[in-house]
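In what follows, a single structure is set out as structure tokens and then discussed.
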Amino acid sequence: MLKQATRSYRAIQVFASEEGFGAEIVGVDLSRPLSPEAREEIRAAWARHSVVSFPDQPLSLDELEAFTLQMGKFGVDPFIAPMPGHPNVLELRREPDEKATNFGAGWHSDWSFQPQPPAATLLHSKVTPPVGGDTLFADCASAYDALSPAMKTLLAPLQATHSAGRAYGTKGVFARETEKRTMEIIVSEDADQSLTHPLVRTHPVTGRKALFVSPVYTVGIEGFEAKEAQAILGFLFGHITQDRFVYRHKWRPNMLLMWDNRCTVHLAEGGYDGHLRLMHRTTVAGDKPV
């Protein structure tokens, strides 16, 4: 259940979940340029609640791009072909008769394998199925806070290894896929590369520490043998995705959702076979994790 946010906002209204993770923002028209006050309040609410939704926003592609740019520069979206004429917009489309697994079906933080992963992802619903299709988010900051002091000490200096290989690599999930998929996935040798980020990162706005790992893109821990790393990562993956840290988002048509990749992981549920689902997605560039 959502309740009026305790913080005072002048240009927008914010209704947050009981836990404060996830909120709905109303009283603003995203199809028009925002006032400086509204823009800063939206950014503040997003930083505070990590996942924010804007209902009843029937945006065109141009308007979606314009709002994204009010949040920051576009991020780089690899391995998926963008929409014609809109190089910064991805169309997440699944046809009613499609048999391929729904896109985004594993827990992940978008593009964490990049040197500077996106700060925000924005997803706009155009066609929502009558059943299924929820998006689940896990609060990686609260999950970190709940760890024991001894575990925090162990994790503090560690560097996690990230790679897109499991998904988009030459031997990844999409390379082995046999079912037809509407979305154009680009399998590439580039996806098999890897880099490291701090396993615990500090949010540049809130200063909160959060676990920065996910089952899809985190493949190891620097300096650890594979079995050792998987023992630690397996514990963390299970810890992060406990029900107490998870917010379930239910979609409505013409809803815009914006989430913070720096302190959350998410998963797209299926359950809507036989129905069209159509979304448009952009990202906002981020910083090097520290």
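At-a-glance table
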item: Hey, K227 touching an Asp or Glu at 6+ places or on another chain (Cβ under 6 Å), at negative phi, of a type in the set (D, E, K, R) and at pLDDT 95 or above or not; result: no
item: Count - residues of the range 68-87 that are among the polar types (S, T, N, Q) and either touching a Gly at 6+ places or on another chain (Cβ under 8 Å) or free of Cβ contacts under 8 Å to residues at least 60 places away in the same chain (or both); result: 1
item: Matching residues in the range 46-67 - criterion: being in a helix (DSSP H, G or I), free of Cβ contacts under 8 Å to residues at least 60 places away in the same chain and of a type in the set (G, A, S); result: A66
item: F235, sole failed condition from (1) of a type in the set (A, V, I, L, M, F, W, C); (2) in a helix (DSSP H, G or I); (3) in contact (Cβ under 8 Å) with a residue 24 or more places away in the chain; result: (3)
item: Residues of the range 64-85 that turn out to be in contact with a strand residue (DSSP E or B) (Cβ under 9 Å, 6 or more places away or on another chain) and not hydrophobic (A, V, I, L, M, F, W, C), as a count; result: 7
item: Condition met for L195 (surrounded by 15 or more Cβ atoms within 10 Å (Cβ to Cβ) and in a strand (DSSP E or B)); result: no
item: Strands (runs of 3 or more DSSP E) lying entirely in the range 90-163 (those with 3 or more residues that are of a type in the set (V, I, T), in contact (Cβ under 8 Å) with a residue 40 or more places away in the chain and crowded, with 21+ Cβ neighbours inside 10 Å); result: none
item: Residues that are of a type in the set (G, A, S) and either modelled with pLDDT under 95 or more than 12 Å from N261 (Cβ to Cβ) (or both), drawn from the range 109-137; result: S125, G132, G133
item: Near pairs, Cβ below 9 angstrom, 6+ apart or cross-chain, from the range 206-219 (surrounded by 24 or more Cβ atoms within 10 Å (Cβ to Cβ)) to any residue that is among the hydroxyl-bearing types (S, T, Y) and assigned to a strand (DSSP E or B); result: A210/T202; A210/T264; F212/T218; Y217/S163; T218/T161; T218/S163
item: Single unsatisfied condition, S17 versus (1) surrounded by fewer than 17 Cβ atoms within 10 Å (Cβ to Cβ); (2) of a type outside the set (D, E, K, R); (3) in contact with a helix residue (DSSP H, G or I) (Cβ under 6 Å, 6 or more places away or on another chain); result: (3)
item: Residue match in the range 272-287 (condition: closer than 22 Å to Y144 by Cα, over 13 Å from the mean Cα position of the chain (by Cα) and either surrounded by 15 or more Cβ atoms within 10 Å (Cβ to Cβ) or not polar (S, T, N, Q) (or both)); result: yes
item: Selection count where residues are more than 20 Å from P117 (Cα to Cα) and hydroxyl-bearing (S, T, Y), scope the range 145-188; result: 5
item: Single residue of the range 21-39 satisfying the filter (in contact with a helix residue (DSSP H, G or I) (Cβ under 9 Å, 6 or more places away or on another chain) and crowded, with 16+ Cβ neighbours inside 10 Å) that is nearest to F67 (Cα to Cα); result: L30
item: Answer from R39, R32, R43 - the residue that is of a type in the set (K, R), in a loop (DSSP other than H, G, I, E, B) and either touching a Leu at 6+ places or on another chain (Cβ under 7 Å) or at pLDDT 95 or above (or both); result: R32
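The values are calculated or read from the model by the stated rules, or taken from the named source; none is laboratory data. Everything quoted here is computed from the prediction, not taken from an experiment. Using ideal geometry, Cβ is built from the backbone for each residue, glycine included, and neighbour counts are taken over all protein chains shown.
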